[in-house]
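Below is one structure, written out as structure tokens; the observations come after it.
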Amino acid sequence: HMADTDKLNARYQNIAHYYQDTPDMVQYLSAKDASTQAGISIDKPCLFYPTGGYLSPQKLCRSLISAFPDKTETIFQQNIHKITKNEEKWQLFDENNALLHETDILIITNNGNNIECDAIKPFSTRKIRGQVSFVPERAISSDIQSVICQNGYIPPAVNGVHYVGATFDPENIDDLSL
């Protein structure tokens, strides 16, 4: 994460100082050291997370599903109107209150769509406007060796493609369409 203001720079220094005994967790890097780490020229000091990384959520989910086929069941494109939990099972209902499915463990991935679910209201969930773009690797970006964050992010390319985070706006959720 680049420190693009004096206030942010001071904050990053404090964070690094707090974690000084665990440099594998976070480090404060000068612009020169950040450039060396990133593989490209960086003109601001940064926080660097040596053990941080990135992954493809889609590939992770596919891997987990195929690694545990006897323990997973996926249900796609199903409109769930209500979820309840009795003593033993999660129960999923449609808009006519018909029971669609029961399960011991429930993972919800609903892309920010609303769902009537008293059982999950205690969990802190919220919509945040964000966008990921797929950008072909170019000569200028091929040297990137670690994730670079400022007002967005760009990781090293994977199979010739950068997955670039272009927006993040927790205050603007009225229109999440692209």
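The values are calculated or read from the model by the stated rules, or taken from the named source; none is laboratory data. This structure is a prediction, so every number in the text was calculated from the model and none was measured. Ideal geometry is used to build each Cβ from the backbone, glycine not excepted, and the neighbour counts take in all protein chains shown. The area values use the complete protein model at the heavy-atom level, side chains included, leaving out ligands, DNA and RNA. Shrake-Rupley method; radii C 1.70, N 1.55, O 1.52, S 1.80 Å.
Go through the residues of segment 151-169 one by one and say whether even a single one is more than 26 Å from L60 (Cα to Cα), at pLDDT below 90, open to solvent by 90 Å² or more (accessible area, probe 1.4 Å) and not in a loop (DSSP other than H, G, I, E, B).
Looking through segment 151-169, none of the residues is more than 26 Å from L60 (Cα to Cα), at pLDDT below 90, open to solvent by 90 Å² or more (accessible area, probe 1.4 Å) and not in a loop (DSSP other than H, G, I, E, B).
Say we look at segment 70-111 and pick out the residues that are under 28 Å from Q131 (Cα atoms) and hydrophobic (A, V, I, L, M, F, W, C); which of these is farthest from the chain's Cα centre (by Cα)?
Among residues in segment 70-111 that are under 28 Å from Q131 (Cα atoms) and hydrophobic (A, V, I, L, M, F, W, C), the one farthest from the chain's Cα centre (by Cα) is I80.
Could you tell me whether A67 is more than 25 Å from the chain's Cα centre (by Cα), surrounded by fewer than 15 Cβ atoms within 10 Å (Cβ to Cβ), modelled with pLDDT of 85 or more and hydrophobic (A, V, I, L, M, F, W, C)? Spell out the reasoning first.
Values: more than 25 Å from the chain's Cα centre (by Cα): no; surrounded by fewer than 15 Cβ atoms within 10 Å (Cβ to Cβ): yes; modelled with pLDDT of 85 or more: yes; hydrophobic (A, V, I, L, M, F, W, C): yes.
Judged against the criteria, A67 is not a match.
Would you say K82 is charged (D, E, K, R) and surrounded by 14 or more Cβ atoms within 10 Å (Cβ to Cβ)? Break it down stepwise before answering.
Values: charged (D, E, K, R): yes; surrounded by 14 or more Cβ atoms within 10 Å (Cβ to Cβ): yes.
In short, yes.
Let's see how each residue does on (1) over 22 Å from G152 (Cβ atoms); (2) among the acidic types (D, E); (3) within 18 Å of the chain's Cα centre (by Cα):
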residue	(1), (2), (3)
M2	no, no, no
A10	yes, no, no
T22	yes, no, no
A31	no, no, no
A38	no, no, no
I42	no, no, no
P45	no, no, no
S56	no, no, yes
R62	yes, no, yes
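Taking segment 40-64 only, how many residues are within 19 Å of V132 (Cβ to Cβ) and either open to solvent by 90 Å² or more (accessible area, probe 1.4 Å) or not hydroxyl-bearing (S, T, Y) (or both)? Quick ask: steps written out before the conclusion?
First pass over segment 40-64, keeping only residues within 19 Å of V132 (Cβ to Cβ): 52-62.
Then keep just the ones that are either open to solvent by 90 Å² or more (accessible area, probe 1.4 Å) or not hydroxyl-bearing (S, T, Y) (or both); that gives 52-55, 57-62.
The number of residues fulfilling the criteria is 10.
Do any residues in segment 26-51 that are touching a residue at least 40 places away in the same chain (Cβ under 8 Å) have Cβ atoms under 6 Å from those of residues that are part of a strand (DSSP E or B), where the two are at least six apart or on different chains, and which pairs are they?
Matching pairs, first to second residue: Q37/F48; A38/I148; K44/M2; C46/M2; C46/L29; F48/Q27; F48/L29.
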